[in-house]
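Contents: one structure, followed by commentary.
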Amino acid sequence: MLGRVLSIAGSDSGGGAGIQADLKAITALGGFGMSAVTALTAQNTCGVYGVHAVPVEFVRQQISVVLQDIGADCCKIGMLGQAATVHAVADTLVAYPALPLVLDPVMIATSGASLMTSEGVLAVKERLLPRCQLVTPNIPEAEVLTSVTITGLETMRRAAHVLLADGAGAVLLKGGHLPVSAGVASDELLDVLVLADGTEHIFRHPRLQTRHTHGTGCTLASAVATGVAQGAGLEAAVRRAIRYLQEALLTAPGLGRGNGPVNHGVSIAPAWATLSDL
């Protein structure tokens with residue numbers, strides 16, 4: 001199955017995150033990517049130097065014309081920035097209640113720059129969280145959304161269940177920001193997937209020592225959305241997405257003076273890029 005994925009997110013002029021990363025990841029995993037740009041950013045591997053929000057009516061129009069013609073099997077939502085954009089996206093998607101949504105609640109760039117207003121965070125919790133099939137926060141984002149201080153696996157579980165109680169269909173809480181002293185081996189990284197029925201999957205994989213981590217959240221969410229669009233269950237889609245991201249990190253091209261991009265094209269050829277063996 002090809003899998004049509006609509007990414008609603010911001011543009012990264014450096015090409016490592018946002019819409020650019022989304023489309024590369026979707027293509028690498030055999031999907032067909034489409035986009036609705038919510039913001040233009042002037043950024044590179046060293047930081048975000050400017051943000052220009054796209055008018056909300058144009059955001060609505062981008063989503064509508066794509067879905068009315070090409071359609072989508074899954075929608076990945078990334079950077080929205082402001083409350084007005086969140087409401088515009090939510091209002092537009094009301095007409096497509098069966099469309100699965102993978103929500104990456106982008107709030108802070110890898111460089112530390114803030115990418116969402118406090119009003120935007122509240123709007124995400126009220127309008128999008130109850131509508132999404134999966135939400136994929138990192139530790140800082142989960143703490144903002146849940147008010148749970150996350151220090152290890154047990155508090156990751158607690159935060160995930162708060163998000164489920166708030167309406168999320170499932171939660172993939174990424175553990176990359178956990179300190180090595182938080183009950184996790186120094187060479188290990190763990191992510192926790194909790195499904196609607198409380199079923200839990202813990203993914204343990206090597207903690208890679210690299211500065212080339214720009215756009216990892218965008219990339220992972222888009223990879224999961226591609227699996228969902230191709231008909232996979234969440235556990236299989238997440239498992240493949242994590243493997244893809246690990247390979248992309250291991251083969252990062254080494255670009256830029258700061259937090260460089262990963263190698264989004266890594267899985268175009270290997271057999272494991274398909275879902276048949278997951």
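The values are calculated or read from the model by the stated rules, or taken from the named source; none is laboratory data. Since we're looking at a predicted model, the values are computed, not measured. Here the Cβ positions follow ideal geometry from the backbone for every residue, glycine too, while neighbour counts run over all protein chains shown.
Of the residues making up the range 196-239, those that are closer than 23 Å to ALA160 by Cβ, of a type outside the set (A, V, I, L, M, F, W, C) and not in a helix (DSSP H, G or I) number 11. Every condition in (1) touching a residue at least 60 places away in the same chain (Cβ under 8 Å); (2) surrounded by 21 or more Cβ atoms within 10 Å (Cβ to Cβ); (3) in a loop (DSSP other than H, G, I, E, B) is met by MET116 except one, and the failing one is (1). Within the range 228-267, being under 14 Å from THR27 (Cβ atoms), at pLDDT 95 or above and of a type outside the set (A, V, I, L, M) holds for GLN230, TYR244, ASN263, HIS264. Restricting attention to the range 168-187, does a residue exist that is surrounded by fewer than 18 Cβ atoms within 10 Å (Cβ to Cβ), modelled with pLDDT under 95, touching a strand residue (DSSP E or B) at 6+ places or on another chain (Cβ under 7 Å) and more than 20 Å from VAL106 (Cα to Cα)? Yes, the range 168-187 contains a residue that is surrounded by fewer than 18 Cβ atoms within 10 Å (Cβ to Cβ), modelled with pLDDT under 95, touching a strand residue (DSSP E or B) at 6+ places or on another chain (Cβ under 7 Å) and more than 20 Å from VAL106 (Cα to Cα).
Residue-wise test of (1) surrounded by fewer than 24 Cβ atoms within 10 Å (Cβ to Cβ); (2) in contact (Cβ under 8 Å) with a residue 24 or more places away in the chain; (3) closer than 29 Å to VAL48 by Cβ.
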position	(1), (2), (3)
ILE202	yes, yes, no
HIS205	yes, yes, yes
GLN209	yes, no, yes
LEU220	no, yes, yes
ALA223	no, yes, yes
GLY233	yes, no, no
ALA248	no, yes, yes
ALA252	yes, yes, yes
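You will find that of GLY16, GLY50, GLY33, the residue that is surrounded by 21 or more Cβ atoms within 10 Å (Cβ to Cβ), part of a strand (DSSP E or B) and among the small types (Gly, Ala, Ser) is GLY33 and no other.
In this structure, ALA142 does not satisfy being of a type in the set (Gly, Ala, Ser) and part of a loop (DSSP other than H, G, I, E, B). Looking at the range 216-255, which of its residues are of a type outside the set (A, V, I, L, M) and under 12 Å from the mean Cα position of the chain (by Cα)? Result: THR216, GLY217, CYS218, THR219, SER222, THR226.
For the range 81-105, the candidate set comprises residues that are in a loop (DSSP other than H, G, I, E, B) and at pLDDT 95 or above; within that set, the residue that is surrounded by the fewest Cβ atoms within 10 Å (Cβ to Cβ) is ALA98.
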